[in-house]
Each structure stands twice: as C-alpha cells, then as structure tokens.
1. Confirm whether residue 98 is farther than 22 Å from residue 66 by Cβ and either assigned to a helix (DSSP H, G or I) or at pLDDT 95 or above (or both).
2. Give just the number: which of (1) out of contact with any Asp or Glu (no Cβ under 6 Å at 6 or more places or on another chain); (2) over 22 Å from residue 83 (Cβ atoms) does residue 204 not satisfy?
3. Only residues that are of a type in the set (A, V, I, L, M), open to solvent by less than 50 Å² (accessible area, probe 1.4 Å) and touching a residue at least 24 places away in the same chain (Cβ under 8 Å): list them for the stretch 85-117, please.
4. Does the stretch 118-137 hold any residues that are within 14 Å of residue 181 (Cα to Cα) and in contact (Cβ under 8 Å) with a residue 40 or more places away in the chain, and which are they?
5. Could you say whether any residue in the stretch 152-162 is closer than 18 Å to residue 17 by Cβ, modelled with pLDDT of 95 or more and not aromatic (Phe, Trp, Tyr)?
6. If you check every pair at least six apart or on different chains, which have Cβ atoms under 7 Å apart with a residue in the stretch 26-46 that is closer than 28 Å to residue 75 by Cβ first and a residue that is small (Gly, Ala, Ser) and surrounded by 10 or more Cβ atoms within 10 Å (Cβ to Cβ) second?
7. Where residues in the stretch 148-161 are assigned to a loop (DSSP other than H, G, I, E, B) and at positive phi, which of them is least open to solvent (accessible area, probe 1.4 Å)?
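The values are calculated or read from the model by the stated rules, or taken from the named source; none is laboratory data. Keep in mind that this is a model prediction, so the values were computed, not measured. In this analysis, Cβ positions are derived from the backbone assuming ideal geometry, glycine residues included, and neighbour counts consider all displayed protein chains. Quick note on the areas: whole protein, heavy atoms, side chains included, nothing else; ligands and nucleic acids left out. Shrake-Rupley method; radii C 1.70, N 1.55, O 1.52, S 1.80 Å.
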Amino acid sequence: MTVELHLMRASVHTHGAWMLLKQAGIEHDLKDVDLMKGEQNTPEFIAMNPLHTVPTLKDGDQTVWESNAVVRYIVNKYDSAKKFYPEDLKMRTHCDIALEWKQNTLYKGLADIVYPIMGFAPKNEETFNKAVAKFSADCKDGHFTVFENFFLNGKKFICGDELSIADFVIAPCFEFLDICDEIKYPAAITEYRKRFAAASGYDEMANGMGGFGARQLVEANRPKKE
C-alpha cells in the first residue's frame, strides 16, 4: 500500500518527512494541501487529523501528524529507513535532542521572520524589525554556536558520517532563513549545508517543485533593497 504524505510544499515542516521517504525509497504519493485556501479545514481532512496540520502521513489505517512524530514513525516502521535513526542509544538521544531543538527553539524565531515576509502572517514593520534583530542576535550568539559546537561538534552530519532524520528536519530551515540577509552563517554551517545538499539530493527539492522549492520561494519573496 502506498503511503500518502499530505503536505504544503512551502512549509519547512514537511521537507523532513518528504526527504526521508525519498531517501529510503518508500513508495509514496504527495497530496498537496493549500493552507492559504483552507483545504486543511475540510471535514475529510479533519477526520484524518483533528489538528488540521501538515505534514500528515496516512499509512493504511494509521495516520500520523506532528512533523517529528512522522519521521520517527517512518524510521520505526520501514526497514529501508531505519539507517537514518541511530541504533546507539547515546547517538539516538543526540538525534532526538536535535529534533526537539529545531521544533522548540530554532523554528520559533524562523517563523517570526519568514511568515511575515512570505505573507503567511501579518507584517507590522516595527514588530518585524525587532524580530529580525532579536533572531539575528540569537543566531549569532546562541543558535549557530549550539549547532556548530554541540550538534555537529566536528562531525560531517548531526549524528556522524551519515545522514539522519535530524539532518532532514534541520537543514531545510537554513534554506528558508536565506530570505533574511541579516542572518549570517559561520563557515562551519555553510560547509555543512554543502555536504548535506551533496549527500541528500536536496538541491532538487530546494530548486524545483513547480515554483515551490525553498530557494525559489526565498528569491520570489526576498525583500527588495531600496
């Protein structure tokens, strides 16, 4: 039976599950959900996911939502995906910490910046400028330091020499942050992004998708310089 991934391609939350399905060679169908048109609020979708969020995975009679739960379900269910979730308890815990850090720390500041620029949320200039200044400082003095010195800590990828679900979930966030010129990446993260793109094939997703690739969205919505 083919897995269904209900997603909005412009949502960074969906990229981790989508990449995992592709990398693991799991047969799947993409079901586009236009959040801007309210397609997540139909009775059919709410019956599947009462929180009406994406991504939502439907696998036979099993439905999973919440992006981290979706990727964990895939690696626990499918043998071809198990290699992306470390067996070693210490490294698996490291992977889980990275997933929750993205969800609870990195993403909040990202959303405060990216949503208003892309039209997913109202944009008040004063509030927006304060959010950019705060998140830029948080990245420089905290987030990027944590990512480089704790999550990478000299490794090629978050969990070692091979890709993991933590990379699939976190690396796309950096693509979306490119929309804000005030965000400056240290060399270690720039090199990590290059390694990730080469190993994962993410360039296809970032550049393609019929205009909904991360890089296309970033360039289309990048604030114009005066």
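1. Working: farther than 22 Å from residue 66 by Cβ: no; either assigned to a helix (DSSP H, G or I) or at pLDDT 95 or above (or both): yes.
It is false that residue 98 is farther than 22 Å from residue 66 by Cβ and either assigned to a helix (DSSP H, G or I) or at pLDDT 95 or above (or both).
2. In the conditions (1) out of contact with any Asp or Glu (no Cβ under 6 Å at 6 or more places or on another chain); (2) over 22 Å from residue 83 (Cβ atoms), residue 204 misses (2) alone.
3. Taking the stretch 85-117 as the starting set, the residues that turn out to be of a type in the set (A, V, I, L, M) are 89, 91, 97-99, 106, 110-111, 113-114, 117.
Within this subset, residues satisfying the condition of being open to solvent by less than 50 Å² (accessible area, probe 1.4 Å) are 98-99, 106, 110-111, 113-114, 117.
Result: 98, 99, 106, 110, 113, 114, 117.
4. Once the filter is applied, which keeps residues that are within 14 Å of residue 181 (Cα to Cα) and in contact (Cβ under 8 Å) with a residue 40 or more places away in the chain, the stretch 118-137 yields 132, 133, 135, 136.
5. Yes, the stretch 152-162 contains a residue that is closer than 18 Å to residue 17 by Cβ, modelled with pLDDT of 95 or more and not aromatic (Phe, Trp, Tyr).
6. So the pair list comes out as 26/80; 26/81.
7. Quick first cut of the stretch 148-161, residues assigned to a loop (DSSP other than H, G, I, E, B) only: 153-156, 158-159, 161.
Those left that are additionally at positive phi: 153-154.
Values: 153: 107, 154: 84 Å².
Applying the filter and picking the extreme gives 154.
Yes/no per residue for (1) open to solvent by less than 20 Å² (accessible area, probe 1.4 Å); (2) over 17 Å from residue 193 (Cβ atoms):
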residue: 56; (1), (2): yes, yes
residue: 63; (1), (2): no, yes
residue: 68; (1), (2): yes, yes
residue: 73; (1), (2): no, yes
residue: 77; (1), (2): no, yes
residue: 83; (1), (2): no, yes
residue: 124; (1), (2): no, yes
residue: 146; (1), (2): no, no
residue: 167; (1), (2): yes, no
